[in-house]
Amino acid sequence: MENTDLTEMLPQAFLARMRAQMGTEYDAFLASYSGERQYGLRYNPLKADRETFLARMPFALRAVAWAEEGFYYRAQEQPGRHPLHEAGAYYIQEPSAMAAVEILSPQPGEAVLDLCAAPGGKTTQIAGRMQGQGLLVSNEIIPNRAQILSRNVERMGVRNCIVCQETPARLAARFPGFFDRVLVDAPCSGEGMFRKDPDAIAEWSEEHVRMCAARQYEILSQAAGMLRDGGVLVYSTCTFSVEENERVIDRFVKEHGDFVIEAAPRCASFSPGRADLVENAVDGLEAAMRLMPHRLAGEGHFIARLRRGGSRPAGAEQTQRADTYITAAGQPGAQMAAAKAGVQTTAAKAGARRGPERQERAREAAERKARERVRLFLTEEMGLSSWDAILDNDRYYKVRTLGEQIYLTPAAMTDLNGLKVLRPGLHIGTERKNRIEPAHALAMALRAEDGGSVMEVAEAEAQRYLRGESLPCDPHKKGWTLITYAGYSLGFGKAVDGQMKNHYPKGLRR
């Protein structure tokens with residue numbers, strides 16, 4: 001569809017409301033629908049730094065002013081079809097959507113929640129800022145969207161993320177006063193998606209706007225209880241409606257007296273084309289901002305940053321213990337069945353009959369054994385010498401075994417028993433008859449410089465690998481090998497007699 005046809009499809013009620021809302025800027029706003037769409041991607045700092053990324057990219061890129069990792073690309077480049085996309089070198093994301101994490105400003109070592117996270121653009125942006133240090137909980141309530149979120153977390157090589165599929169209310173009950181920062185990128189009427197996705201036009205109605213506003217307030221209220229004293233809460237939408245934006249925030253701060261709106265730390269990066277409020281926005285929200293499509297190169301976003309004061313909720317200290325652990329059995333890449341049903345394993349039932357001290361000693365002994373087993377596998381069998389330091393210090397990560405599955409989990413992770421968890425950290429591998437078979441997630445979290453056997457391939461070979469084909473290799477090469485393209489990891493292969501057997505997951509093959 002041509003952009004010039006889009007204005008004829010826009011609902012009249014939407015146009016009337018925007019005319020009243022935008023005032024003298026209405027004509028410029030409407031004209032933006034006839035302009036060219038802006039396409040964006042973010043480089044992945046977990047895989048390479050900015051300079052290395054730019055040196056390796058075959059695309060023409062132009063920097064996004066308000067996002068450190070953001071770039072515009074030309075539509076004809078089609079980076080989503082390139083092997084570097086599957087390698088997690090970048091994440092394709094609408095440029096104005098990158099602003100919310102800039103305003104959140106997550107830091108390494110913090111506990112951060114992305115409450116409405118699918119498909120994963122903001123989660124993976126947060127993860128890049130955290131650099132593998134701290135705890136990132138990423139949640140999505142809709143099952144198929146949660147699966148997409150989990151796959152994107154894996155593709156981008158994130159080590160410290162727990163992916164959940166839960167209601168905000170159940171998470172709020174489990175994490176009172178727990179997080180340093182919370183992002184609520186709330187489901188909305190999607191007015192900022194009209195040019196990107198014309199199907200959103202057919203779904204729009206004034207009733208839908210009202211329904212979204214009510215739901216947004218409830219989600220925001222649940223999020224509030226999960227933030228620690230002094231923590232930062234960022235609310236964002238991709239819609240233009242004052243009812244879903246300023247009025248939700250206005251009501252929230254009036255009914256939650258321990259929250260204040262504050263200025264964002266990176267506002268200066270939004271110039272030129274400042275993301276000011278529209279003229280008739282709700283009073284008192286000068287620190288909130290709108291990214292409007294007629295003022296900057298993006299589809300539009302609303303962002304408000306709030307800070308919590310007051311005392312910590314009762315029970316928060318206990319919830320924040322850094323040495324708690326998962327007790328549910330599970331499987332990688334899908335919801336943990338035992339966690340869903342609240343089922344205890346035989347070992348868990350036996351443990352419940354032990355005294356607390358004996359149970360704690362048994363847990364610590366099992367953890368030491370698992371850590372040493374994984375250390376031998378990673379550093380000696382896989383040759384990943386750089387990971388010895390990671391396993392030497394449990395400040396950031398712990399090794400957990402869930403049935404046959406082995407995970408590297410954030411040390412600050414709480415007991416998630418009973419919650420629906422898709423990904424309880426970085427999947428290291430699977431126990432197979434006294435050996436460990438490395439997981440694809442481990443490959444995606446590796447860099448070529450981490451050590452071990454590496455085979456760099458050209459683009460044609462990368463495409464063959466992504467289709468599941470075996471590749472010829474040095475006949476002297478043996479065992480598990482990291483396949484890389486342009487220095488980025490694609491997955492594992494296993495060298496046998498001059499052939500690199502393909503271990504790229506069947507479900508991901510092209």
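The numbers here are math on the coordinates, done by the rules we state, and not lab data. As the structure is a prediction and not an experimental result, all values here were calculated from the model. So basically every Cβ, Gly included, is an ideal-geometry build from the backbone, and we count neighbours across all protein chains shown.
Normalised by 2.2 N^0.38 Å, where N is the number of residues, the C-alpha radius of gyration of the range 47-144 stands at 1.11.
Dipole magnitude for the chain: about 2040 debye, using +1 per Lys or Arg Cβ and -1 per Asp or Glu Cβ, origin at the Cα centre.
Placing one identical point scatterer on every Cα of the chain and ignoring solvent, what is log10 I(q)/I(0) from the Debye formula at q = 0.05, 0.06 Å⁻¹? Per q value, in the given order, log10 I(q)/I(0) is -0.21, -0.30. Hey, what angle do you get for helix 143-155 against the long axis of the chain, alpha-carbon based, 0 to 90 degrees rounded to 10? With rounding to tens, the tilt is 60 degrees. Within the range 459-502, the GluC sites (Glu not before Pro) that combine a DSSP coil assignment with at most 15 other C-beta atoms in a 10 angstrom radius are Glu469. The H on the amide N of Met455, modeled in the peptide plane, is under 5 Å from the matching H of Leu482, Ile483, Thr484, each at least 5 residues off or on a different chain. Here the ratio of the Cα radius of gyration of the range 453-508 to 2.2 N^0.38 Å is 0.98. In the chain, the DSSP beta bridges split such that about 70 percent are antiparallel, to the nearest 5. From Cα pairs below 8 angstrom and at least 6 apart in sequence, can you work out the relative contact order of the range 114-169, rounded to a whole percent? Once normalised by length, the contact order is 43 percent.
Computed from phi, the 3J(HN,Hα) profile of the range 98-103 under the Karplus parametrisation 6.51, -1.76, 1.60 (θ = phi - 60°) reads 6, 6, 4, 6, 4, 6 Hz, with x in place of Gly and Pro. For the range 3-308, the convex hull drawn through the C-alpha positions has a volume of 124 cubic angstrom per residue. Over the chain, DSSP H runs of length four or greater, each weighted -39,500 (n - 2.57), average out per residue to a 222 nm ellipticity of -8500 deg cm²/dmol.
Shape summary of the range 122-210, radius of gyration then Dmax from alpha carbon positions: 15.4, 43 Å. Between helix 246-255 and the chain there is an angle of about 70 degrees, using the helix long axis and the longest principal axis of the Cα atoms. Whole-Hz Karplus values for the range 130-141 come out as 7, 6, x, 10, x, 10, 10, 9, 10, 10, 8, 7 Hz, taken residue by residue from phi with 6.51 cos²θ - 1.76 cosθ + 1.60 and θ = phi - 60°; glycine and proline positions read x. Taking amide H as placed 1.01 Å from N in the peptide plane, the amide H of Gly300 sits under 5 Å from that of Ser96, each at least 5 places away or on another chain.
Sparse packing (at most 14 other Cβ atoms within 10 Å of the Cβ) combined with a DSSP loop state is found for the following trypsin sites (Lys or Arg not before Pro) in the range 384-433: Arg395, Arg432, Lys433. Note on the range 3-308: dipole from Cβ charges, positive end direction compared against Leu84, Phe259, Gly35; the farthest Cα belongs to Leu84. Only Cα pairs under 8 Å and 6+ residues apart enter the sum, and on that basis the relative contact order of the chain stands at 14 percent. Measuring how big the range 379-420 is from its alpha-carbon positions, Rg and Dmax come out at 12.5, 37 Å. When Met211, Met98 are sorted by how many other C-beta atoms sit within 10 angstrom of their C-beta, beginning with the fewest, the order is Met211, Met98.
So in the range 453-508, what percent of DSSP beta bridges are antiparallel if you round to the nearest 5? Display every interim value, and only then the final one.
Values: 13 of 17 bridges.
Antiparallel bridges make up about 75 percent of those DSSP assigns within the range 453-508.
For the range 30-35, 3J(HN,Hα) computed residue by residue from phi via the Karplus equation (6.51, -1.76, 1.60; θ = phi - 60°) reads 4, 5, 5, 6, 8, x Hz, glycine and proline entered as x.
Which pairs in the list Lys196/Lys254; Lys47/Lys420; Lys398/Lys506; Lys398/Lys501; Lys477/Lys501; Lys433/Lys494 are over 23 Å apart, alpha-carbon to alpha-carbon? Mind showing how you got there, number by number?
On the way: Lys196/Lys254 35 Å; Lys47/Lys420 29 Å; Lys398/Lys506 29 Å; Lys398/Lys501 31 Å; Lys477/Lys501 12 Å; Lys433/Lys494 18 Å.
The answer is Lys196/Lys254; Lys47/Lys420; Lys398/Lys506; Lys398/Lys501.
Exposure proxy shown here: for Phe14, Phe194, the number of other Cβ atoms within 10 Å sets the order, fewest to most, as Phe14, Phe194.
Among residues other than Asp27 with Cβ under 14 Å from its Cβ, the summed charge is +1 (Lys and Arg +1, Asp and Glu -1).
Taking the C-alpha atoms only, the angle from helix 12-22 to the longest principal axis of the chain is near 80 degrees.
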